[in-house]
Each structure stands twice: as structure tokens, then as C-alpha cells.
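Single-structure report; data block below.
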Amino acid sequence: MNAESHSHEHHSHEHHSWAEPYKIKMVELLRMTTRAEREQAILEAGYNTFLLRSEDVYIDLLTDSGTSAMSDRQWAGLMMGDEAYSGSRNFYHLQDAVREFYGYKYLVPTHQGRGAEHIMSKIMIKPGDYVPGNMYFTTTRLHQELAGGAFVDVIIDEAHDPASTHPFKGNVDLRKMDALVGKVGADRIPYISLEGCVNMAGGQPFSMANLRELHAFCRRHGIPIMLDATRTIENAWFIRQREEGYADKSVRQILREICDLTDGCTMSAKKDLLVNIGGFFACNDEQLCLKAQNMVVVYEGLHTYGGMAGRDMEAMAIGIQEAVMEEHQSARIGQVHYLGRKLLDAGVPIVRPIGSHAVFLDARACLPHIDQDLYPAQALAAQLYIEAGIRSMERGNVSAGRDPATGNNRRPNLELVRLTLPRRVYTQAHMDVTAEAVVEVYKRRNEIRGLKMVYEPEYLRFFQARFEPL
Ligand code: P70
């Protein structure tokens, strides 16, 4: 109660400085490089930041996935790993934590998020089905397609506009849902995939009001809501900050309220849950759980570990408890917003509002002279690496891939470079250096040229594609 009211007081002074609710016990030394070394490294990496060696990177903002710092308690949890093949005590700890904080009855662990997506897609989607979602995610959509389904985007239009300041750009457009049901029929829709802090839209939350409306709609039509719970705790924090009636509720309460309006989830625990590896599928329906348990032994591992070590499950169970702490989210998202505000103040075009886990540069606005099929965001990410050894990730035309029907690049409206912040890893000075480097690159934006793709793998091409400068 005391801690609760204290942190609320903290929130009401939104413009005061945020601070980390931890101190540093161990550090990892970084290697500094010269500009000439970086020019060589990115050339060898085919101008793809995924193909750089991490030792050649100074500040690694490629992803917040599996890159966060675990706490001393989580590290202690690793030592309590029960590595029995079956029935590990750590599985039961994790199941208890998922039941307590997320509220789902049944838990099926997987090695990471896409393992859970694979299993859910296989057990729920029939060939010819349509799977609506509040914007695509790369791995999620691929597994839907591999199971014979077609993804349908039902996010509000504002989400595709980097300049729109709508506070809940992750919302589902109920008219788009209604139109889909009218067109294909509810029996061709196995579920709607609902993501918190929508990654490809810039880390944008949905509102509780929108979820409640969606829930009513889906109940009417018998369509389950399957949550992509990867960044839902961060979504809960935004609801607390922005939505009428939630300022006095805890992140923990809001998380439960979200999950209670859904039927199950897939989870990449490498984000919100502060672990380096892991994921799960969870649901309330026993029959669905039995199907998932049966599938997990084919692709991941026994249903009490699903590809994780016992120690990983223990670290995750502890991570859940740390992730719902108000002061954790306040510092985590506070740091993202600190970096974002610096770039806004310098006039650099970024996706607004600033999201949960990253600041997204609007490469289309930065580099209007580069056609989208010459991959402006890919080129910008390469330049930022050359400038200061900062690694970011393309989230534009390369990530979106080709339309299976036409074979053409999808040319999405959002052509972005994501500067993603690991949790509890970098300092405010790192944010200052990052902002300075982005501003330097932005100043010489007119000299930046596009790229030609010279190697294109079939699936998830952005991971391994290679480019040459024009
Ligand atoms: C990222 C990572 C993973 C992710 C996610 C959402 C909302 C599922 C997953 C899959 C890693 C990544 C993945 C594909 C392309 C680029 C980067 N996102 N749902 O950096 O989980 O990686 O554990 O299999 O964000 O955003 P996993």
C-alpha cells in the first residue's frame, strides 16, 4: 500500500527525472572501434546490422530481446535449476507465476516466442483461414501463413501514420473486424491475434476500452482473442498513464484485467520478463492445452520444459515479479522517452508518440530522395553504425518482405529504423551519445545513398539478406 501510493506520487510528476530502481553490481566491458574498422565491418556484414559481430558494436540497440540484465535474484534462481527431464520444480514455479500474474490456467513452455507461435498456429489454424491482427509481426505472420492461414491487418489507420499522436495506436478497428466477419464468416476466423505495445507500429499500446469492445464483439461471434503477451506489461503501464480511470490501479491489476479479457497467449519472455531466453503458450481451455502439450513434444521438448532448461524457467518466474513493479516500468519506459525527447528536440523525425521499447526513426521522412525499393531504413541503420558503432534494426521494406500473391516488395507505409533499448543495461550517458550520433547522421542525410539487395533468403529475409551500396 505504502509502496503503491509512493510510486503513484512519482507518476504524477511526469516531467521530473526518472531513476533506476537498482544499482550496478557487474559490468561488461565494451570494445571501442575506429571509423575505418566500422566501415570494413559493415561492408563484410553486407550492410545488414544483423550480420555484424557483437564485438564490433559499441552501443547495441538492435533489440530488447534476450538482451536485458538479469537481477541478482534471477542469477541466484539459476543456481536453483532442477534439470530433471520431467516435472522440474521450476516448471511449477513458473506455472504458479503465470497463473498469479497473467491468470491463464494452463502453461506450455517453449524455447522462445516463435516456438509458441508455431504450436498455436498449427493447432488453431486450418488451411484457408483468416487471422486478423493489430498489425503483423514478422514471425507471427510467417507461422500463420505456414499453417495455411492469411493474415489480415485490423489495426486503426493511425498506426500506419508515423506522425499521428493518437495515444492508443495499437487499438483494433472494430469496423475492420466487422467487415472481415461479413466477408469470410466467423467460422473461417480461428482467433484474433492481439499484440500489446505493437512492435511494428513503434511500440504502441492498445487501450482497455478498445479491448473491452473487442471482447464483446468476439464473444458475439465466437472468436477467441489470443494475446501476443510479449510486451503486455509495458502496455499495462501505458494504460495506467494515459487511460481515464486507471491512474490508481497497479500495473499488476491492469495486466490481470487485460488477460481476463483474452483466451490465451503466446509469449516471447525475452522482452517484458527480463530473461535471456524462453517463451510459452498459455490458455484457459483444457482441450486446447492438451493439443499444445501434444504438439510441444514434437517440436520443442517435454511439456514441463519445452526447450528451456529448468534454470531458465526459474529466472523467468522471478522476472515476472520484477517486471510488474511500477518503478521498474517507470525507469524502463522513462529511459526510452528520454532518448526520444532528445531526438524530437533536435528535430529528427521519429514515430510519435514515443513507444514502449524503442525509438523509431522515420527513414522515409529523413531520406525522401531514396526510393523504398532501395531500402532507405536499411541504409540509415548502416550509417548510424559507421558513425558511432551504434547498432539498430531496419523495420521497413526489408522486414515487410514480399506479397506472396504478387511477389513484389510490400513497400509498407512505415519505413523505420528501430533504436531498441535493452532493460536495465545502458546508462543515461549512453542515451546522450546515441542522440548525438543520430543527429550527426541526420545532418548529412542528403549524402546517404540507397542499397541494392544482392542476397535474399526465402523466409524472414531481413535476418540474413545482404546489400551493396549504389
Ligand atoms: C524483436 C524480437 C520478437 C517477437 C515480438 C513479438 C511482438 C513475437 C516475437 C518472437 C526478435 C525479432 C524477431 C523477428 C524479427 C526481428 C527481431 N521480437 N512477438 O527484436 O519472439 O524472438 O522470442 O521468437 O517482438 O523485436 P522470439
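The values are calculated or read from the model by the stated rules, or taken from the named source; none is laboratory data. Fair warning: this is a prediction, and the values are worked out from it, not measured in the lab. Here the Cβ is made from the backbone with ideal geometry for all residues, glycine too, and neighbour counts use every protein chain on show. Side chains included, ligands, DNA and RNA excluded: accessible areas come from the protein's heavy atoms. Shrake-Rupley method; radii C 1.70, N 1.55, O 1.52, S 1.80 Å.
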Relative contact order for the chain, counting Cα pairs under 8 Å that sit 6 or more residues apart, in percent: 23 percent
Roll a 1.4 Å probe over the protein chains and send me the accessible area per residue for the stretch 60-126 in Å². 43 Å²
Taking Cα atoms only, Rg over Rh for the stretch 264-357 with Rh from the Kirkwood formula is 1.14
Going 7 Å from the Cα of residue 284 along its beta-carbon direction, which residues of the stretch 102-117 have the amide nitrogen within less than 12 Å of the resulting point? 103-106
Quick note, the stretch 24-175: a/c under 1.5 would make it rounded; otherwise a/b > b/c is prolate and the rest oblate (a ≥ b ≥ c, C-alpha gyration tensor); here it is oblate
Partners for residue 342 among lysines (Cα-Cα distance below 21 Å; same-chain residues under 8 apart left out): 443
Cut-off under 5 Å, modelled amide H: who pairs with residue 48 long-range: 467
Round to a whole angstrom and tell me the spacing of the C-alpha centers of the stretch 398-462 and the stretch 136-177. 20 Å
Can you compute the charge dipole magnitude of the chain about its Cα centre, using +1 on each Lys and Arg Cβ and -1 on each Asp and Glu Cβ, nothing else charged? Give it in debye, rounded to the nearest 20. 480 debye
What is the set of long-range amide H partners of residue 170 at a cut-off below 5 Å, with H atoms built 1.01 Å from backbone N? 206
What are the extents of the Cα atoms of the stretch 206-300 along their three principal axes, in Å, largest first? 46, 38, 16
4 °C / 1.567 mPa s Stokes-Einstein diffusion coefficient of the stretch 316-423, Kirkwood radius on C-alpha pairs, µm²/s: 85 µm²/s
If we sort 230-243, 196-209, 450-463, 420-433 on the protection proxy, mean other Cβ atoms within 10 Å, highest first, what's the order? 196-209, 230-243, 420-433, 450-463
Reachable lysines from residue 249, criterion Cα separation under 28 angstrom, eight or more residues apart if same chain: 23, 105, 169, 270, 271
Extending each Cα 7 Å along its Cβ direction at residue 153 and residue 209, get the distance between those two points in nm, one decimal. 2.5 nm
Run the quick spin-label model on residue 72 and residue 20: label points 7 Å from Cα toward the beta carbon, then report their separation in nm to one decimal. 1.5 nm
Cross-link reach list, aspartates and glutamates versus residue 183, counting only Cα pairs under 19 Å and skipping chain neighbours closer than eight places: 129, 153, 173
Pop out the Kirkwood hydrodynamic radius of the stretch 115-157 from its pairwise C-alpha distances, inverse of mean 1/r, in Å to one decimal. 10.2 Å
Can you list, largest first and rounded to whole Å, the semi-axes you get for the stretch 263-308 by taking the square root of 5 times each eigenvalue of its Cα gyration tensor? 19, 14, 6
Determine the distance separating the Cα centre of the stretch 184-241 from the Cα centre of the stretch 57-92; give it in Å without decimals. 28 Å
Which net charge results when you count Lys and Arg as +1 and Asp and Glu as -1 among the other residues whose beta-carbon is under 15 Å from that of residue 452? -2
Taking amide H atoms as placed 1.01 Å from N in the peptide plane, list the residues 5 or more away in sequence, or in a different chain, whose amide H sits under 5 Å from that of residue 395. 416, 417, 418
Phi-derived 3J(HN,Hα) across the stretch 18-26 with the Karplus relation (6.51, -1.76, 1.60, θ = phi - 60°), rounded Hz, x for Gly and Pro, is 8, 9, 6, x, 6, 10, 8, 10, 9
Per residue, the convex hull volume that the Cα atoms of the chain enclose (Å³): 142 Å³
Counting only Cα, what are the radius of gyration and maximum Cα-Cα distance Dmax of the stretch 132-191, in Å? 12.6, 37
